[in-house]
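Everything on this sheet refers to the single structure shown next.
The values are calculated or read from the model by the stated rules, or taken from the named source; none is laboratory data. No experiment lies behind these values; they were computed from the predicted model shown. Cβ sites come from the backbone with ideal geometry, for glycine too, and all protein chains shown count toward neighbours. Ligands, DNA and RNA are stripped out before the accessible areas are found, and what is left, the full protein with its side chains, is counted by its heavy atoms. Shrake-Rupley method; radii C 1.70, N 1.55, O 1.52, S 1.80 Å.
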Amino acid sequence: MKRIALGVQYDGTAFNGYQKQPDRNTVQDRLEIALEKFARVELGTTCAGRTDTGVHALEQVVHFDTDLARGMQSWVRGVNAFLPDAIAVRWATEVPEHPGQEFHARFAAFARTYHYVLYNNPIRSPLLVGRAGWVFRPLDVDLMRAAAQCLVGTHDFSAFRSSQCQAKSPVKQMHAVQIERHGEVIVFTLRASAFLHHMVRNLIGSLIYVGQGRHTPAWMKDVLEGRDRNDAAPTFMPDGLYLAKIDYDPKWGLPHEAARPLPWF
């Protein structure tokens, strides 16, 4: 049996998240349907990280096992022929085994990067619906950057954790938080060891509160240390959230693509 890894990109607007559901309107369902049509055999997949309804991926990583002899470009082109326009396999590679180790899309990952793209303008843009969040009040990027400083490091992120989160521990290591303004678009980039359910959207909502002047940057640290979800801002909309990159040890030889917020950005 060979273990194949795929890099999958998708617009999550029309899907009920990534993970399989009975209605089969999820990214995983559509991917596995396409794999079965191409391979003519059922192939179960494992992903690096499940995304919610409306959340996109610039590079989701999945793996599956098969004894079929297919070229890597055949997996890309063949599976894409059966996928809807909103999902595409960008690359495929056979992952080598290492002594005592086997590649796993989820457990072999040591960091994840998300982008949140936010449109900051008094009037909404129809062209960005589903692809960027929207805030009509002015936002102070410097205030949000100051508030984000407390998030870097290893912390208990219970204050930004969904009540439905199934993670064993709320303690995660945040490697970096970057906030950049490009005209009317603000891009938040968060890289961490892993993320809790709704963690990014809850952090974005709270940073927006600071950017609007509703709270001082010091409030963010108080919320983090208080570990009470009720103290933080409500969960922000999913529209602008992109799973951008999954980090693995180079020994696995995965052909990562550049993690960009939007193809035209």
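Take the Cα of ASN80, go 7 Å toward its beta carbon, and the backbone nitrogen atoms of the range 223-255 under 18 Å from that spot belong to 255.
Between the range 100-134 and the range 212-242, how far is it from one alpha carbon centroid to the other, in angstrom? Here the answer is 18 Å between Cα centres. In plain terms, the chain from LYS221 to GLN101 could stretch by 39.3 nm, reckoned as 0.36 nm per residue minus the Cα-Cα distance. Fully extending the segment from ALA14 to VAL41, taken as 0.36 nm per residue of separation minus the present Cα-Cα distance, adds 7.1 nm. Distance between the 7 Å Cα→Cβ label points at ILE123 and ASP23: 3.4 nm. Note on LYS2 and SER193: the model spin-label points, each 7 Å out from Cα along the C-beta direction, lie 3.5 nm apart. Each listed q (0.13 Å⁻¹) maps to a log10 I(q)/I(0) for the chain, found by the Debye formula over equal Cα scatterers with no solvent: -0.85. Eigen-decomposition of the gyration tensor built on the alpha-carbon atoms of the range 1-137 gives equivalent ellipsoid semi-axes of 31, 17, 12 angstrom, largest listed first.
Largest to smallest in accessible area, the residues PHE15, PHE195 fall in the order PHE195, PHE15 (1.4 Å probe, all protein chains included).
For the pair THR53 and ASP249, a Förster radius of 45 Å applied to the C-beta separation gives a FRET efficiency near 0.90, rounded to the nearest 0.05. A simple spin-label model places the labels of ASP228 and GLN73 6.0 nm from each other, with each point 7 Å out along Cα-to-Cβ.
With helices as the sole contributors, the chain gives -6000 deg cm²/dmol at 222 nm; each DSSP H run of n ≥ 4 counts as -39500 (n - 2.57), and the sum is divided by every residue. Please report, to two decimal places, log10 I(q)/I(0) for the range 58-108 at q = 0.22, 0.24, 0.30, 0.31 Å⁻¹ as given by the Debye formula with identical point scatterers on the Cα atoms and no solvent. Per q value, in the given order, log10 I(q)/I(0) is -0.96, -1.08, -1.31, -1.34. Scaling against 2.2 N^0.38 Å puts the C-alpha radius of gyration of the range 158-242 at 1.07. Each part reduced to its alpha carbon centroid, the range 144-174 and the range 1-78 end up 29 Å apart. Our summary gives the range 10-139 a relative contact order of 22 percent, counting only alpha carbon pairs under 8 angstrom and 6 or more residues apart.
Ignoring lysines fewer than eight residues from LYS172 along the same chain, the ones with Cα atoms less than 19 angstrom from its Cα are LYS221, LYS245. Rolling a 1.4 angstrom probe over the protein heavy atoms with all chains in place gives the range 23-139 an accessible area of 50 Å² per residue. Short-range pairs are left out: with C-alpha atoms under 8 Å and at least six residues apart, the relative contact order of the chain is 23 percent.
Sorting SER206, SER193 by solvent-accessible area of protein heavy atoms yields SER193, SER206, largest first, with a 1.4 Å probe.
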